[in-house]
Amino acid sequence: MPDTYLDLVNRDPGRAVARRLKLPRPPLLRRYSPGEPLLTGPVLLLGAGADADALAGVLAGPVGGPVRSGDDASSRPTGAPDLVFDGWDLDVHRHADPALRYAAVVVVLTEVLAPGDLSDPALELAGVLRSLRPGARVVTVSRPAGSDDAPAVAAAREGVEGLVRSLAKELRDGATGNGVVVAPSVPVTAPGVLGALRFFLSARSAYVDGQLLPIDSSAGMLPADWAAPLAGQVVVVTGAARGIGAAIAAVLARDGARVVAVDVPAAGDGLVRTANAARGTALQLDVTSPDAGARILEHALGRYGRLDVVVHNAGITRDKLLANMTPERWDQVLAVNLESQLAINETLLTSGDFADAPRLVSIASTSGIAGNRGQTNYATSKAGVMGLVRATAALLAPFGGTANAVAPGFIETEMTARIPAATRQIARRVSSLAQGGLPVDVAEAVALLAGPTAPGTQGRTLRVCGQNPVGR
Ligand code: NAI
């Protein structure tokens, strides 16, 4: 269901009328298309110290490098390799210049030790906020607060969360604020950190706002080509006939993957459309059937000789207040949204034929985080998905594999088109970006968590919700 208000107020004469009547005007978001530069405009990198210098080296270094990261070898954890990178060729400035309109600000806060250490970077950032370009990016890079930290250190580190989440609510014109939270033993130039930082800076993260993505380890690899990070990989996407699943198939194919699109036989036409558009193959399959895992494996190995990534996207709603819930509605939702994932993972991971370092990405939901009236069955299944990926990640991490989830907020699909009109309008406008997301926005986050830098993040759930205020 298209967001007609968004279209209306961003085109004349609607734009002029909205301006005159001071109506809210949700911005048109900057979305990624292949071949475009990572950012158009200068980047301000705030923060002092070895980590800030190392990141400045990567951001400013020439494409086609390699260039040394610029960090100080003595500051690296013992045993960390002498890292060398392709640069990102950005126009990086280390001090705020009021005459410039920045496309992005990266705030490196890894070395804060007390709340007072946040003042300078926060206030320097404050000075450039009014002159950011439309669709600008503000990204913090910080360390998590640990229970072993001194109270002042933990206070400063946790403070960053409040800063990011509030700033994201203040930004305008499609600008977003997000953070990368890097575990203490992980260098800021680890693949997971650079993958997440690049994602947040890019137009791929258009509808990700107010989120802090933890990087748990130095595992993973940088892609040989950032435009094709999934080159040579074989991925399976369930529920791919339409909506978010169709977008995931298209985006992963764009990023170089060979795609197996899975959906129920009744959705056969849409499934063939998706598979053709992705130049992949279609597999008609109900994910709840007992042989689903075996058939997925058989298809992928038969057609492509390998299987690297599975995206569990198939999902249904059967909304009812719990007081009116039927066993059928409860069981169907749990079976499709959660139990199918458990069973398929079990088959794949015990087969010995899944990749050496398998990658799993599950689609959860903000309903599973915050709960939603009328959705006890759905929210149970989606909260369950988050538990599933956490426990599965622990099993896969020792082998370099990974399991993570993406939790969409309100996304414009046939599923949400069924929501009553007034509720739909509210669901769109309450987010910080004042609009629903598009299926492609979820797909871009899936691509990050399916890609070579993903193993840095383990068992986490990344929200793609435009900073919908529900839950955390
Ligand atoms: P959709 O209803 O448009 O598409 C879901 C697809 O899954 C359909 O093609 C359907 O045929 C397929 N499917 C359903 N049961 C299946 C089964 N047993 N086996 C194989 N395929 C099956 O839904 P949408 O909006 O694209 O959602 C995709 C995922 O994103 C779901 O897991 C949903 O719960 C989740 N989600 C969607 C949100 C939204 O705002 N649209 C918000 C949060 C989560």
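The values are calculated or read from the model by the stated rules, or taken from the named source; none is laboratory data. Since the structure is predicted, the reported quantities are computational estimates derived from the model, not experimental observations. Methodologically, a virtual Cβ is constructed for each residue, glycine included, from the backbone with ideal geometry; neighbour enumeration extends over all protein chains shown. Only protein heavy atoms, including side chains, enter the accessible area calculation; ligands, DNA and RNA are left aside. Shrake-Rupley method; radii C 1.70, N 1.55, O 1.52, S 1.80 Å.
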Q. Do you know which residues across the stretch 85-127 are of a type in the set (A, V, I, L, M, F, W, C) and open to solvent by 70 Å² or more (accessible area, probe 1.4 Å)?
A. ALA99, LEU113, LEU123
(Q) Between VAL336, VAL361, which is modelled with pLDDT of 95 or more, near the ligand (Cβ under 10 Å from one of its atoms) and either aliphatic (A, V, I, L, M) or assigned by TED's automatic domain parsing to the domain that holds PRO452 (or both)? (A) VAL336
(Q) Just to be sure before I move on: is ALA190 free of Cβ contacts under 8 Å to residues at least 24 places away in the same chain and open to solvent by less than 50 Å² (accessible area, probe 1.4 Å) in the structure I sent? (A) no
**Q.** Check on VAL153, closer than 18 Å to GLY49 by Cβ and aliphatic (A, V, I, L, M)
**A.** yes
Q: Would you be able to say whether some residue in the stretch 344-352 is within 14 Å of the ligand (Cβ to nearest atom) and in contact with a Ser or Thr (Cβ under 9 Å, 6 or more places away or on another chain)?
A: yes
Q) Given the structure, is SER185 open to solvent by 30 Å² or more (accessible area, probe 1.4 Å) and over 18 Å from the mean Cα position of the chain (by Cα)? A) yes
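Table: residues versus (1) over 20 Å from ASP441 (Cβ atoms); (2) out of contact with any strand residue (DSSP E or B) (no Cβ under 9 Å at 6 or more places or on another chain); (3) open to solvent by 10 Å² or more (accessible area, probe 1.4 Å).
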| residue | (1), (2), (3) |
| --- | --- |
| PRO151 | yes, yes, yes |
| GLU158 | yes, yes, yes |
| ALA168 | no, no, no |
| ASP173 | no, yes, yes |
| ARG198 | no, yes, yes |
| LEU201 | no, no, no |
| SER218 | yes, yes, yes |
| ASP225 | yes, yes, yes |
| VAL236 | yes, no, no |
(Q) I'd like to know if the stretch 303-315 contains one or more residues that are open to solvent by 60 Å² or more (accessible area, probe 1.4 Å), at pLDDT 95 or above and not in a helix (DSSP H, G or I). (A) yes
Q: Taking only the stretch 253-280 into account, find how many residues are part of a loop (DSSP other than H, G, I, E, B) and within 14 Å of the ligand (Cβ to nearest atom).
A: 1
Q: For the stretch 161-180, indicate whether the set of residues that are under 28 Å from VAL262 (Cα atoms) and either in the same structural domain as PRO398 (by TED's automatic domain parsing) or in a loop (DSSP other than H, G, I, E, B) (or both) is non-empty.
A: no
Q: Being open to solvent by less than 80 Å² (accessible area, probe 1.4 Å) and part of a helix (DSSP H, G or I) is the filter here, so list the residues in the stretch 318-341 that pass it.
A: ARG329, TRP330, GLN332, VAL333, LEU334, ALA335, VAL336, ASN337, LEU338, SER340, GLN341
Q | Any chance ALA99 is at pLDDT 95 or above and of a type in the set (A, V, I, L, M, F, W, C) | A | no
Q | Among the residues listed as ALA383, ALA393, the single one being within 27 Å of ARG258 (Cβ to Cβ), more than 10 Å from the ligand (Cβ to nearest atom) and not β-branched (Val, Ile, Thr) | A | ALA393
Q: Need at least 3 residues that are farther than 24 Å from GLU339 by Cβ and either of a type outside the set (Gly, Ala, Ser) or open to solvent by less than 10 Å² (accessible area, probe 1.4 Å) (or both) per element, so show me which helices (runs of 4 or more DSSP H) inside the stretch 360-472 make the cut, counting only ones lying wholly within it.
A: 421-429, 439-450
Q: Starting from the stretch 419-448, keep only residues that are under 23 Å from GLY374 (Cα atoms), then list their pairs with residues that are of a type in the set (D, E, K, R) and part of a helix (DSSP H, G or I) whose Cβ atoms are within a distance under 7 Å, requiring at least 6 positions of separation or different chains.
A: GLN435/ARG428; GLY436/ARG428
(Q) Here is a check on your reading of the model: is ALA267 open to solvent by 20 Å² or more (accessible area, probe 1.4 Å) and modelled with pLDDT under 95? (A) no
Q: Quick one: GLY146 ticks every box in (1) open to solvent by 10 Å² or more (accessible area, probe 1.4 Å); (2) under 19 Å from PRO469 (Cα atoms); (3) not in a helix (DSSP H, G or I) except a single one, so which number is it?
A: (2)
Q. Within the stretch 281-298, which residues are open to solvent by less than 20 Å² (accessible area, probe 1.4 Å) and either within 26 Å of the chain's Cα centre (by Cα) or within 14 Å of the ligand (Cβ to nearest atom) (or both)?
A. LEU283, LEU285, VAL287, ALA292, GLY293, ILE296
Q) So is VAL442 within 13 Å of THR366 (Cβ to Cβ) and away from the ligand (no atom under 12 Å from the Cβ) or not? A) no
